[in-house]
Amino acid sequence: MNDEEFNFNTRTQFKFITNNHTLGYILSGIAQKGININDYSQTKINVNENLIRLVVGGTGAETIDVLRCVRNIFRMLDIKFSEKDIIQIESIASNATRQINTLFGSL
């Protein structure tokens with residue numbers, strides 16, 4: 001959505017749990033395909049287990065081909081994953097008193 005006060009995109013977020021070693025293979029596979037990582041979140045569950053949230057593609061959007069490549073990497077490594085739509089805020093007007101109203105009003 002684009003207007004003068006608020007710009008956002010809908011993106012696809014991958015969520016999965018993996019160990020440190022396999023995480024290295026996943027990130028290496030993504031890099032070898034030349035795919036950008038737009039957002040990355042890692043939470044340690046225990047010593048060798050990580051909860052990862054990942055958004056791939058360019059800053060504006062991801063393509064079907066990029067999503068397909070990442071899914072294939074997960075499948076090749078037998079990683080169970082989920083996908084969900086998230087909102088990526090590109091810009092929001094700097095009027096501090098109206099930022100929250102602008103955000104929630106657009107939803």
Problem set entry | Selected residue (criterion: nearest to Asp78 (Cα to Cα)) from residues of the range 21-46 that are β-branched (Val, Ile, Thr) and under 17 Å from the mean Cα position of the chain (by Cα) | Ile26
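From the list Phe74, Phe14, which residue is touching a Leu at 6+ places or on another chain (Cβ under 6 Å) and buried (at least 16 other Cβ atoms within 10 Å of the Cβ)?
One residue alone meets the criteria, Phe14.
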Problem set entry | Residues satisfying the stated conditions in the range 7-21, i.e. in contact with a strand residue (DSSP E or B) (Cβ under 9 Å, 6 or more places away or on another chain) and either hydroxyl-bearing (Ser, Thr, Tyr) or not in a strand (DSSP E or B) (or both) | Thr10, Thr12, Thr18, Asn19, Asn20
Exercise. What pairs can you find where one residue is in the range 59-76 and at pLDDT 95 or above, the other is not aliphatic (A, V, I, L, M), and their Cβ atoms are less than 7 Å apart, with a gap of 6+ or different chains?
Worked result: Val66/Gly57; Leu67/Thr12; Cys69/Lys33; Val70/Phe14; Ile73/Gly29; Phe74/Phe16; Phe74/Phe81
Seminar exercise, completed: A careful count of residues in the range 35-58 that are in contact (Cβ under 8 Å) with a residue 24 or more places away in the chain and over 19 Å from Ile87 (Cβ atoms) gives 7
Exercise. Considering Arg53, Arg68, which residue is surrounded by 15 or more Cβ atoms within 10 Å (Cβ to Cβ) and among the charged types (D, E, K, R)?
Worked result: Arg53
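The values are calculated or read from the model by the stated rules, or taken from the named source; none is laboratory data. Keep in mind that what you see is a predicted model, and the values were worked out from it rather than measured. Counting neighbours? That spans all protein chains shown, and the Cβs are built from the backbone with ideal geometry, glycine included.
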